[in-house]
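Beneath this line is the structure, given in structure tokens, with notes to follow.
The values are calculated or read from the model by the stated rules, or taken from the named source; none is laboratory data. Please read all numbers here as calculations on a predicted model, not as lab measurements. Quick reminder, even Gly has a Cβ in these numbers, built from the backbone with ideal geometry, and neighbours come from all protein chains shown.
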Amino acid sequence: MCLVIGGCGGAESLKSPSMSGGDATDATTGTTGTTDEPTLPGVTESEVGSVPELISPESRVRQKKRMTVRQVRDSMERITGGIVWGSGDESDWDTYAATLGVADYQARTSSDRTPSVLFQKFLDDAAAHTCARWVAAPGSSFFEVDDPTSTERADVVANIEGLRWQIQGRPRTDDAPVIEDYVDLYATMVRRTASTSAAWNTVCVAMFTHPDFFMY
Amino acid sequence: MRIDRRTFLELAAGMGLVSGASLLPRRLGASEPTVTDRYFVFAYFSGGWDMLLGLDPRSPDDFPSERAIETGIEPAYDTIPNLDPADWLVETAVEGMTFGPYIGGLAAHAERLAVLRGMTMESVAHSVARRHALTGKLPAGSSVRGSSVATLLAYLLGQDQPIPNLVCGMNSFNLGHPSWASGLATDTVDDLFQALSPGDTPLVTGSRDALESFFAAQEVGLTSPKALEIYTNRRTARAIVDLDIAGIFDLASDSAEMVQLREAFGVDSGVTGPGGPRALMAAQALTNGVSRCVSFKAGEGLDTHQGAEWQVDHGPNLQAGFDSVAALATHLAATPFGSSGESWLDHTTIVCMSEFAREVLLNSNGGRDHNLINTMVLLGGGIQGGQVIGQTSDLGMLAQPVDLDTGQLSDGGELMTNEHVARTLLAGIGIEEDVGDYREAPIRALLGGA
């Protein structure tokens, strides 16, 4: 039986597998055929509706979702080799959980997953805290290149691509226009501060606070 | 320090943080408030308060426990340990306005109180009833069908405040109104202070500007409303920090002013419970020009089904909440409203509500279960104080129809609901059109005063 809306056509039609167990019954004629080959009904264009297929089978679009607070916390800690936002053992993500709308299944049974004002404010704080320590950490996994102070374009681009992979999960070979934006950001900060670590710190904050990190 | 939203928006626009369109809030048809100097506080008591212990008592002499089956009413004050019989009923100077033993400091404001007795709710499920109380509309299941009343009022009046709608310890809803009218909701006052403060690790000089330019470039070409909202919220998050108003909510400050405020609101002593700091926050937000509407959880720990909980905890928790509201009312009454000669209380409507009340008969555990019949109390600007509107029956404390214009019982009247109150608040600022789609008339008897 043809399942495609908008008519059946040759090789593009989706053929349903035949019924299992016993002979297949032709839904149109009621005749019985063998189960080895599907029996196509004699359907013509005029017998099928003319409504066009609205969504291409190749389309895989869904609305992006925001990471949960736990996902953000765990991701940042894992990416940076265990740097916790907060003082002491407790992460500030847990301290502000109620304010960030995390479900406690008493007063709140569903978590707020919106990229709200408060979420982005605390994410910015977490990024500033985390990036400052990650960039400065000895033997840090932050840098992709051997010389962290190199301002050679190739090294800067390589590092940015590496950070996009680490932080945002983007392929290193992804030649996205945003890479140039990160390069510009880096260059701007080098000019302003004469410090490559300050520049990388800023790039790091930009990456963690970009929707490419927390929206998926 | 008073910060107005127009200054906030101008600063933000100048920094390229806010699009010009948001400077002109969209209006609902031709509905414009005629009273524009009104502020609102919604003090929510979580869990379902006991009317008999607070707003709608009964004398055990008239309703003794041995007749409970006959009357359907059981005050049971004598089962509460350490409660002096002399304190069972709290009389006030207002005729007919008697309160239960845990009304606390709110009784001192009797001349300004309007008590609604015999309201009828439509759910005894906490989440549903809470949403009903906050939005003035019965939810569809547990999904709200309208914005919080505070959100609507903030939309109508709060365009000049930097945080038009401030919320602490409770939910807030925005269904179809501009995002700037949404409640900025935190769980505690300290979280609000942190949200308004810079993070613990400052960025190097020049970094913030560079980041703003970077994200401005990311926003170019975006058309999806959801994507644009992300960047708008990001700018707002920066803008509220740049306003430098966090200090107003630094309750841990040892400044002379804050020490005095903590004492006035019972924060250090704990007498006002968890509602005290939030009431202080409300006072600061209003009188410093930060917010137009403030909603906070004034009372909690009231869902006392078990006997021990009801006997020992409900009363003190209820009183702590009433005391926090009383402290707020006292502070606002003592704070001049500009050079008008009036006080902030004359310009602030305070609404005290709970999602429902508690049964007027004890359950088999000696506690009280949920009750569809409820009370509410309002005071302040626009409210005709010194009155009781409506009355519960002497058989089972049931709701009775009320003439909405006179506030008196009337067979031809209506049972008061959350919808009536929401509609009343709008009528109080001159909006006669039912912009919230509440489909009930305002309680005219409530309106009056300043």
- Can you confirm whether the stretch B:348-369 contains a residue that is within 24 Å of B:R131 (Cα to Cα), in contact with a Lys or Arg (Cβ under 7 Å, 6 or more places away or on another chain) and part of a strand (DSSP E or B)? yes
- Message: If the requirement is being more than 30 Å from B:H305 (Cα to Cα), touching a Gly at 6+ places or on another chain (Cβ under 6 Å) and modelled with pLDDT under 95, which of these qualifies: B:A450, B:A445?
- Response: B:A450
- Query: Restricting attention to the stretch A:155-168, does a residue exist that is without any contact (Cβ under 8 Å) to a residue 24 or more places away in the chain and either within 30 Å of B:A125 (Cα to Cα) or touching a strand residue (DSSP E or B) at 6+ places or on another chain (Cβ under 8 Å) (or both)?
  - Reply: no
- Query: Any idea which of B:S179, B:S123 is within 13 Å of another protein chain (Cβ to nearest Cβ) and either in contact (Cβ under 8 Å) with a residue 12 or more places away in the chain or of a type outside the set (K, R) (or both)?
  - Reply: B:S179
- When A:V145 is run through (1) among the aliphatic types (A, V, I, L, M); (2) part of a helix (DSSP H, G or I); (3) in contact with a helix residue (DSSP H, G or I) (Cβ under 9 Å, 6 or more places away or on another chain), the failure sits at (2)
- Tally, over the stretch A:112-125, of residues that are more than 8 Å from chain B (Cβ to nearest Cβ), among the charged types (D, E, K, R) and in contact (Cβ under 8 Å) with a residue 24 or more places away in the chain: 1
- Message: Is it the case, given these coordinates, that A:R172 is under 25 Å from B:A217 (Cα atoms), in a helix (DSSP H, G or I) and under 20 Å from the mean Cα position of the chain (by Cα)?
- Response: no
- Message: If B:P442 satisfies all but one of (1) crowded, with 21+ Cβ neighbours inside 10 Å; (2) closer than 17 Å to B:A114 by Cβ; (3) touching a residue at least 60 places away in the same chain (Cβ under 8 Å), what's the number of the condition it fails?
- Response: (3)
- Query: Of the residues B:L153, B:L203, B:L192, B:L134, which single one is within 19 Å of A:Q106 (Cα to Cα) and either surrounded by 23 or more Cβ atoms within 10 Å (Cβ to Cβ) or free of Cβ contacts under 8 Å to residues at least 40 places away in the same chain (or both)?
  - Reply: B:L134
- Among the residues of the stretch B:420-427, is there at least one that is touching a Gly at 6+ places or on another chain (Cβ under 6 Å), among the aliphatic types (A, V, I, L, M), farther than 30 Å from B:Y77 by Cα and outside any loop (DSSP other than H, G, I, E, B)? yes
- Task: Kindly establish whether B:S295 is assigned to a strand (DSSP E or B) and in contact (Cβ under 8 Å) with a residue 12 or more places away in the chain.
- Result: yes
- Hey, among B:T406, B:T375, B:T349, B:T417, which residue is within 30 Å of B:G289 (Cβ to Cβ) and of a type in the set (S, T, N, Q)? B:T349
- Item | Positions within the stretch A:87-109 being in contact (Cβ under 8 Å) with a residue 12 or more places away in the chain, closer than 26 Å to A:G139 by Cβ and assigned to a loop (DSSP other than H, G, I, E, B), in sequence order | A:S91
- Message: Report every pair of residues separated by at least 6 positions or lying on different chains whose Cβ atoms are under 9 Å apart, first residue within the stretch B:263-279 and within 15 Å of B:G104 (Cβ to Cβ), second part of a helix (DSSP H, G or I) and modelled with pLDDT under 95.
- Response: none
- Note on the structure: Among B:D187, B:D200, B:D209, the single one that is under 30 Å from B:L156 (Cβ atoms), at the interface with chain A (Cβ under 9 Å from one of its Cβ atoms) and of a type in the set (D, E, K, R) is B:D187
- Yes or no: A:G81 small (G, A, S), more than 18 Å from A:H210 (Cα to Cα) and more than 13 Å from every other protein chain (Cβ to nearest Cβ)? yes
- Name every residue in the stretch B:214-224 that is farther than 19 Å from A:F122 by Cα, out of contact with any Leu (no Cβ under 8 Å at 6 or more places or on another chain) and either facing chain A (nearest Cβ under 9 Å) or in a loop (DSSP other than H, G, I, E, B) (or both), in order of residue number. B:A217, B:Q218, B:V220, B:G221, B:T223, B:S224
- Task: Give me the pairs, please: first residue somewhere in the stretch B:225-245 and away from every other protein chain (no Cβ under 11 Å), second residue anywhere and buried (at least 18 other Cβ atoms within 10 Å of the Cβ) and part of a helix (DSSP H, G or I), beta-carbon distance under 8 Å, and either six or more positions apart or on two chains.
- Result: B:L243/B:F8; B:L243/B:L196; B:I245/B:L196
- Being of a type in the set (A, V, I, L, M), surrounded by fewer than 23 Cβ atoms within 10 Å (Cβ to Cβ) and more than 13 Å from the chain's Cα centre (by Cα) narrows B:A327, B:A334, B:A320, B:A285 down to just B:A334
- Pick from B:G54, B:G48, B:G72: which is surrounded by 12 or more Cβ atoms within 10 Å (Cβ to Cβ), at pLDDT 95 or above and more than 30 Å from B:L153 (Cβ to Cβ)? B:G72
- Count, please, the residues in the stretch B:382-401 that happen to be under 16 Å from B:P442 (Cβ atoms) and touching a helix residue (DSSP H, G or I) at 6+ places or on another chain (Cβ under 8 Å). 5
- Query: Of all residues in the stretch A:175-203, which are of a type outside the set (S, T, Y), surrounded by 22 or more Cβ atoms within 10 Å (Cβ to Cβ) and under 20 Å from the mean Cα position of the chain (by Cα)?
  - Reply: A:V203
- Go through the residues of the stretch B:265-275 one by one and say whether even a single one is at pLDDT 95 or above, more than 13 Å from the chain's Cα centre (by Cα) and either among the hydroxyl-bearing types (S, T, Y) or not in a loop (DSSP other than H, G, I, E, B) (or both). yes
- Subset of the stretch A:175-214 that is within 14 Å of another protein chain (Cβ to nearest Cβ) and not in a helix (DSSP H, G or I) - its residue that is farthest from B:T205 (Cα to Cα): A:A176
- Note on the structure: In the set A:T109, A:T149, the lone residue that is of a type in the set (V, I, T), more than 10 Å from every other protein chain (Cβ to nearest Cβ) and exposed (fewer than 15 other Cβ atoms within 10 Å of the Cβ) is A:T149
- Inside the stretch A:85-100, can you point out the residues that are surrounded by 18 or more Cβ atoms within 10 Å (Cβ to Cβ), in contact with a Phe, Trp or Tyr (Cβ under 9 Å, 6 or more places away or on another chain) and either over 18 Å from B:S172 (Cβ atoms) or more than 8 Å from chain B (Cβ to nearest Cβ) (or both)? A:W85, A:S91, A:D92, A:W93, A:L100
